[in-house]
Each structure stands twice: as structure tokens, then as C-alpha cells.
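First the structure, in the form of C-alpha cells, and then the observations on it.
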Amino acid sequence: MSDRREIEIPRTVRIKSGALDRIGIYLQRVHADEVAVLHSEGLPPELLNRLQRSLQDGSIRTAHQIAVPDCAVETADGIVASLEQQPTAALWLLGLGGGKALDVAKYVATRIHRPVFVAPTSLSNDGFASPQSSMTVAGRRRSLSGNMPNGVIVDTDVCLAAPKVLWLSGVGDLVSKLTAVRDWKLAFHAVGEYVDDFAALLSDASVFQFMGRPVRDVEGVRLLATALMLNGIAMSVCGSSRPASGSEHLISHALDATSPRPRLHGLQVGVATYVVSQLMEAGTDEIRHLFDATGFWEAIAEDPFSRSEWETAIRMAPRVKSDFYTTLSQTDHTVALLRIIDTDPVLAACFTD
Ligand SMILES: [Zn+2]
């Protein structure tokens, strides 16, 4: 067996100001003729108008334009069926908007075996450039594997204009790579899980590059987008979500499953990362400083979490995924984690009841 591998990565990557206005040109360069645009429902019409002008500039025909209301697999299968009614052999998919539209675009592209460009309009998580789609199946959230997008187009001005809380969610999801990689290495020592060195390195490096300049401006958006994208590629390198997701994600998944009002993915994951890092005794100060610098804590304090919901989620977290060894698998850490939540001075403003 060769010890080298082939990996899927996006062939077109543009992370810059005005990229939205050039999508048509980028599609022309890869010899696309027609696209099905899948965009978030409620996307500002101005962004759709800019996309349409851009597609005209590149002489790209819009065969379909579909507003994506949710990330239910049932909705996505309906889109698959409608696209399959007409010949799709020349069709490209283009996802524009928040995470849900991009997840659906990737899923549909995989199902109909067509290439896809994704163009996030905010950076709330690392899903836009990953080989997975986060969907709901019969109302339950699932991660479905699929193809990597063929192109990732991030207009930094557009993402900067998105609400700050979405940016903070992206920061929270990015920083979770620190505990995720630790959990992965722990799984190697505990149960012999294979750790892909390159994927782990890429994941770690992407976080530190952003931490060196955690500013919400065009350059900061570029750094965050790049880091989140490289994390998606790390997942493609090793063929699993390990470099991007560990015990902190288990707590967030448990909150999604049990909380009456789950918050943004990266806000849940970011706080869980900070809590778990204390259990691991690694990286806590760096995470706290990053959250101080970006205003992450203030955003959480504006709409604090429920301590009782977190208690439920922490109890459930070790059982969320089978065959997924993390620091939570070692022993019951519920008491220790709740003690951290109850005594950490920064977290006092982040929780109620
Ligand atoms: Zn995540």
C-alpha cells in the first residue's frame, strides 16, 4: 500500500473583496455554462442581484434559482428530484448564503454527481468548505458525507457586513480545533485511533494564524475564512471530522438535541471549548484572551446559556456518538465540568439559573 494519498480539495479558491461580482468569471474559467443557484431564503435581494449581474458577465445561464428554507434532507431531496427532471449533465451547482444553503448545495451536488461552488455570505462555522453536509433527517441533525466543493468563493466585504454574532460563531468554531486535536491524540493513546499527522498539523496551524490577529476587519475576515476553509480541508485529508470536532462538539450536539432554543453552533462550541480546555489543562488562557479580544464573551452575556440545559447536555455528551473516544470517555466528568461553569469568573456572566 502506498503511504501517500490523493485528497479532494477545491480547485478554485477566492477570498477577497468583490469576489461575489466575479463568480461568473470564475465559473467561465472552469468552463461552466449553466448553474442552479441555491441560496438562503431571505438573502438580501442586493446580493442576489449582484450574483445575477456577475453570472451575466461570465455568460453563465441560470437554469434554476431556488430559495433554500432549511437544511432538511427531505427539502434537499425535493430539489434533487426537480433538478433531475431536466438534463443535468452540464449543470453546475452554486450555493450562496449562510450555512444551510451551502450544506444543501453540497448535498444536492453529491447526489446528482455535479460540481459545486460555494459562496458563504457569513462565516459562522467551518462547514462551507468541508466534505460533509450538516442536515436534519426526520428532524434530527446528522452529518452526511459528500464531496468537497469544487470552488470556494468568499467575498470578504460581504462577510464583514454580516452580523457580528455570526463572525463570533465562526471564531468559536475555529478555536474548538484546539481541543478537538487533543481529543484525537488522546483517542490514539487510549484506543489506538489513527491520527493523520498532516491533518492535525493543518488544523492546529489554522487556529494559531488567526489568533495572531483576531480583528474584525477585511483582513481579519480573510484570515478567519482561510482558517475555517483549511479546517474543512483537514477533514478531507483524513476522511473524518476528527481535526475539527471533539468533546466540545459533543456537548454542542447534545445541546442541539435537548435545548428548547439551541444557540448558534459556534457560540455553543466556543464556550464548550473553553470549559473542556480547563479539564484538559491546556490552552485555556489563549482561548480566554482570544474571546476577550473579539468580544465573544459580551455576545454570550447578552443572551446567556441555561446552566440546567448545559448540565443535561454534559451528562448526555459522552453518548452522542458511538465509537468516538474523547476526554469525556475516560470517566464521568460531569461534576468537574459543572464546577468549572460555576466557579470560573469569566463564565459567571455566560450562564443563568
Ligand atoms: Zn463545528
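If you go through the range 111-160 and pick out every residue that is at pLDDT below 95, more than 18 Å from Leu38 (Cβ to Cβ) and surrounded by 23 or more Cβ atoms within 10 Å (Cβ to Cβ), you end up with 1.
This table checks each residue for (1) surrounded by 15 or more Cβ atoms within 10 Å (Cβ to Cβ); (2) part of a helix (DSSP H, G or I).
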| position | (1), (2) |
| --- | --- |
| Ile23 | yes, yes |
| Leu38 | yes, no |
| Gln56 | no, yes |
| Ser59 | no, no |
| His64 | yes, no |
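Taking the criterion of being away from the ligand (no atom under 16 Å from the Cβ), charged (D, E, K, R) and either outside the structural domain of Ala234 (by TED's automatic domain parsing) or part of a helix (DSSP H, G or I) (or both), the residues of the range 152-203 that qualify are Asp155, Asp157, Lys164, Lys185, Asp197.
Determine the pairs where a residue that is over 11 Å from Phe117 (Cβ atoms), located within the range 25-48, has a partner that is modelled with pLDDT under 95 and part of a loop (DSSP other than H, G, I, E, B) with Cβ atoms under 7 Å apart, the partner being 6 or more residues away or on another chain. If the second residue must be modelled with pLDDT under 95 and part of a loop (DSSP other than H, G, I, E, B), the pairs left are Asp33/Ala90; Glu34/Ala90; Ser40/Gly98.
Within the range 235-244, the set of residues being over 9 Å from Asp126 (Cβ atoms), within 14 Å of the ligand (Cβ to nearest atom) and in contact (Cβ under 8 Å) with a residue 12 or more places away in the chain comprises Ser241, Arg242, Pro243. If you filter the range 1-21 down to residues that are charged (D, E, K, R) and part of a loop (DSSP other than H, G, I, E, B), you find that the one that is modelled with the highest pLDDT is Arg11.
The values are calculated or read from the model by the stated rules, or taken from the named source; none is laboratory data. Keep in mind that this is a model prediction, so the values were computed, not measured. Cβ: placed from backbone, ideal geometry, glycine included. Neighbour counts: every protein chain shown.
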